[in-house]
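In what follows, a single structure is set out as structure tokens and then discussed.
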Amino acid sequence: MSVVRPDAEGLRRAVEVLRADSVVAFPTETVYGLGANAFSEKAVSEIYRLKNRPAWNPLIVHVANVEAARALAETWPGAADELAAQFWPGPLTLVVPRARHLAGVGASNDTIAIRIPAHEVALRLLEASGLPLAAPSANRSEGISPTTAEHVLRSLPDVPLVLDGGPASWGIESTVLDLTAETPRLLRPGALPLRTIREVVGSISLPDEGPVDGAVRPSPGMSRRHYAPRATLLLVKDLDQTGLSGPVGVLAYEGAGVEGAEILSSDPREYAADLYAALHRLDDAGVATILALEPPQTEDWLAVRDRLGRAAAK
């Protein structure tokens, strides 16, 4: 594996790897992605192999502009134009009917998830390669998403090339919105708050329990267990350590009246931005159990609760 600066030479090497039907890890504003040419069955299969990702879990395709996004869709809803104008580039993924020529990428129900990332390095890579890049998070399946190049190195040492763009600013995956029905439907809460999206599209259907593992799904991030550290994560209302064996780590937020190893911000966006990095730090410290204090039950904390809940799933 080579970790390179995202300068002209680094981008040239990355484009070379992508055009050879291999994969490149690159930064986005959410987390680091493992990118491959979305038109290449060979390249996309390499993503699944390296991540040990189940075949039923679809990928998000990253593009450089709205015109490229439209080219991947069989139809392009009016709401997609409104949302793209307001939030792209940015941490919002739109699920639309998939163009027939992209039979090998996307969900089994003929949809595709698309976004334009808001990271200079990601956009320069997309423009330099001229390719739509299928790119899930650059880590082993079910593990903690990477927010730095170092996280990628530890999780996926066989990736040929990593573009090091520094820490991801949002630190949590994009919000995924399904536009294939009359009312937009939330598939995955994420970095972009729902109240902000409602200002553009109005009513949004909220997710149910989601599909069982192995079933068809239109978006990644819907698996029962995901984003999980090596340590056992317990989502708790209090931090009672009675009955726990081995070293214990604590994950809480400011103002909760708790003293612990990892105290994150009481602001949900700032908490989310450091969540994965904090889980990586606790894993690196060798704890056997992580006690994560339940965050508030408000909508602003929806994405954080989603990630912690999936990380705690058995």
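The values are calculated or read from the model by the stated rules, or taken from the named source; none is laboratory data. All of these numbers come straight from a predicted model, not from anything done at the bench. We place every Cβ from the backbone using ideal geometry, glycine too, and count neighbours over all the protein chains shown.
Observations on the structure shown:
- Segment 205-259 - residue that is among the hydroxyl-bearing types (S, T, Y), in contact with a strand residue (DSSP E or B) (Cβ under 8 Å, 6 or more places away or on another chain) and under 18 Å from V176 (Cα atoms) and, of those, modelled with the highest pLDDT: S205
- On inspection, R12 passes the criterion of being surrounded by fewer than 16 Cβ atoms within 10 Å (Cβ to Cβ), more than 18 Å from I116 (Cβ to Cβ) and of a type in the set (K, R).
- Taking the conditions (1) at pLDDT 95 or above; (2) assigned to a loop (DSSP other than H, G, I, E, B); (3) touching a strand residue (DSSP E or B) at 6+ places or on another chain (Cβ under 9 Å); (4) not aliphatic (A, V, I, L, M) in turn, T180 satisfies each one other than (1).
- Residue match in segment 280-295 (condition: touching a Gly at 6+ places or on another chain (Cβ under 8 Å), of a type in the set (D, E) and crowded, with 17+ Cβ neighbours inside 10 Å): no
- Each residue in segment 117-134 was checked for being within 19 Å of A191 (Cβ to Cβ) and among the acidic types (D, E), and 1 of them qualify.
- Candidate set from segment 152-195 (those that are polar (S, T, N, Q) and either more than 17 Å from the chain's Cα centre (by Cα) or farther than 21 Å from A79 by Cβ (or both)); member that is surrounded by the fewest Cβ atoms within 10 Å (Cβ to Cβ): T183
- Candidate set from segment 134-151 (those that are in contact with a strand residue (DSSP E or B) (Cβ under 9 Å, 6 or more places away or on another chain) and assigned to a loop (DSSP other than H, G, I, E, B)); member that is modelled with the lowest pLDDT: E142
- Some residue of segment 292-299 being assigned to a helix (DSSP H, G or I), out of contact with any strand residue (DSSP E or B) (no Cβ under 8 Å at 6 or more places or on another chain) and more than 18 Å from H226 (Cα to Cα): yes
- Any chance A43 is touching an Asp or Glu at 6+ places or on another chain (Cβ under 6 Å), of a type in the set (A, V, I, L, M, F, W, C) and part of a loop (DSSP other than H, G, I, E, B): no
Yes/no matrix, rows are residues, columns are (1) crowded, with 18+ Cβ neighbours inside 10 Å; (2) within 21 Å of P167 (Cα to Cα); (3) outside the structural domain of P184 (by TED's automatic domain parsing):
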| residue | (1), (2), (3) |
| --- | --- |
| N57 | yes, no, no |
| A71 | no, no, no |
| W88 | yes, yes, no |
| N109 | no, no, no |
| A113 | yes, no, no |
| P117 | yes, yes, no |
| L131 | yes, no, no |
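- Segment 27-47, residues that are modelled with pLDDT under 95 and of a type in the set (F, W, Y): F39
- Close pairs (7 angstrom Cβ cut-off, 6 or more residues apart or separate chains): within 17 Å of V304 (Cβ to Cβ) and touching a residue at least 40 places away in the same chain (Cβ under 8 Å) in segment 237-262, among the aromatic types (F, W, Y) and buried (at least 17 other Cβ atoms within 10 Å of the Cβ) anywhere: Y253/Y271
- Evaluating A36 against the criteria (1) of a type outside the set (D, E); (2) under 20 Å from the mean Cα position of the chain (by Cα); (3) more than 27 Å from D81 (Cβ to Cβ); (4) assigned to a loop (DSSP other than H, G, I, E, B) leaves one unmet condition, (4).
- For segment 47-133, the helices (runs of 4 or more DSSP H) that sit wholly inside it and include 3 or more residues that are out of contact with any strand residue (DSSP E or B) (no Cβ under 8 Å at 6 or more places or on another chain) and within 28 Å of S155 (Cβ to Cβ) are 120-129.
- If the condition is being in contact (Cβ under 8 Å) with a residue 60 or more places away in the chain and closer than 13 Å to L239 by Cα, then segment 287-307 contributes only I290.
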